[in-house]
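Everything below concerns the one structure shown next.
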Amino acid sequence: MSTQSAPAVKAVKVKQRPGDRLFSGTAVAAGYMILVTLAAVAIFLVIQSIPGLTATGETASLLSTNFWDYVWPLAFGTIWVSFLALLMGVPLSVSVALFISHYAPRRLAQTLGYIVDLLAAVPSVVYGLWGIMVLAPAVQPLYAWFVENLGWFPLFAGPVSSTGRTIFTAAMVLAVMVVPIITAICREVFLQTPVLHEEAALALGATRWEMIRMAVFPFGRSGIVSASMLGLGRALGETMAVAMVLSATGVITFKLFTPDNPSTIPANIALTFPEAFGTNINVLIATGLILFIVTFAVNAVARWIVSRRKEFSGAN
């Protein structure tokens, strides 16, 4: 008796309506437009940066020797002030996110969540005005106390700034600016912790803090790291607030409270570009290319860390 194969089932092709085709095409075009825009910006920066990368002090008045000697102090200042901002902003952000997600009453948590989201919408120039008119004069006596009593420590060595417009003040302003971003992301990550994991820890006799340490932090570790790196990307690219607060002299120093402070790439471009001409413009664009590469790398790493959270998708 011969066996007969079952008839093949023909795939039914669903006919798309004009609206579906229009929406699908628009979505695909928007996605490609992002890639095209990013590629166009990168190509523009590379082409315009070539004269600046090869410029010397004879062809560009901004340079004393060559481009790399010019950009190195700016890159140092950009990374140093961003590191200080994260050092202050990340613990505060994680603490606020934990309070909102696991400690605060529901109504208070909702109010704090709205306030955190609104802080992210404040323009950077407002933070700059607050930093230069309120924060800097308020912390200057504290800087003087640190230099007088702890000046033996290299970071607190003098002389102290008389205005308070130091690299540490700029870092505090940046910390306030990145706190809403990091807090919002950490809050959502902590709220996604599997309820069964939290209840199991509490059922075993753990306190609320022990439950957070054993269940919430392990689940949200990658989210905290990715949120911190996204905040780092914001701090690296901040322009107006740093340009308004920081009294920069272009030096390379780790001292926090002195009047001689390193500048940052975005602030230097904003302050120097209006008066630049000729090859100097290419030099500034080349520094922007360096910042573009650093920021793109930071966001790419953050995106990679966020994608790793997919391994927790079945935890619920």
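In the stretch 230-247, the residues that are in contact (Cβ under 8 Å) with a residue 24 or more places away in the chain and assigned to a loop (DSSP other than H, G, I, E, B) form Cβ pairs under 8 Å with partners that are among the basic types (Lys, Arg) and surrounded by fewer than 24 Cβ atoms within 10 Å (Cβ to Cβ), at six or more places apart or across chains, as follows: Leu246/Arg165; Ser247/Arg165. Take Glu199 and decide whether it is at pLDDT below 90 and surrounded by fewer than 13 Cβ atoms within 10 Å (Cβ to Cβ). In short, yes. Gln140 meets all of the listed conditions (1) touching a residue at least 24 places away in the same chain (Cβ under 8 Å); (2) loosely packed, with under 14 Cβ neighbours inside 10 Å; (3) of a type in the set (S, T, N, Q) but one, namely (2). If you filter the stretch 57-78 down to residues that are surrounded by 13 or more Cβ atoms within 10 Å (Cβ to Cβ) and among the polar types (S, T, N, Q), you find that the one that is nearest to the chain's Cα centre (by Cα) is Thr78. Can you confirm whether Ile269 is at pLDDT 85 or above, surrounded by fewer than 22 Cβ atoms within 10 Å (Cβ to Cβ), touching a Gly at 6+ places or on another chain (Cβ under 8 Å) and of a type in the set (A, V, I, L, M, F, W, C)? Taking the combined requirement at face value, the residue satisfies it. Residues in the stretch 16-44 that are among the small types (Gly, Ala, Ser) and closer than 30 Å to Ile285 by Cβ: Ala29, Ala30, Gly31, Ala39, Ala40, Ala42. A Cβ distance below 8 Å, combined with a sequence gap of six or more or placement on separate chains, defines the contacts here; from the stretch 105-134, residues that are more than 15 Å from Ile181 (Cβ to Cβ) reach residues that are assigned to a helix (DSSP H, G or I) and small (Gly, Ala, Ser) in the pairs Ala109/Ser101; Val125/Ala241; Gly128/Ala241; Gly128/Ala243; Gly131/Ala170; Gly131/Ala241. Taking the criterion of being out of contact with any Pro (no Cβ under 9 Å at 6 or more places or on another chain), among the hydroxyl-bearing types (Ser, Thr, Tyr) and in a helix (DSSP H, G or I), the only residue of the stretch 256-286 that qualifies is Thr272. Regarding Trp152, is this residue within 24 Å of Asn268 (Cβ to Cβ) and among the hydrophobic types (A, V, I, L, M, F, W, C)? So Trp152 does not fit the description; no.
The values are calculated or read from the model by the stated rules, or taken from the named source; none is laboratory data. From a predicted model like this one, the values you see are computed outputs, not experimental measurements. So basically every Cβ, Gly included, is an ideal-geometry build from the backbone, and we count neighbours across all protein chains shown.
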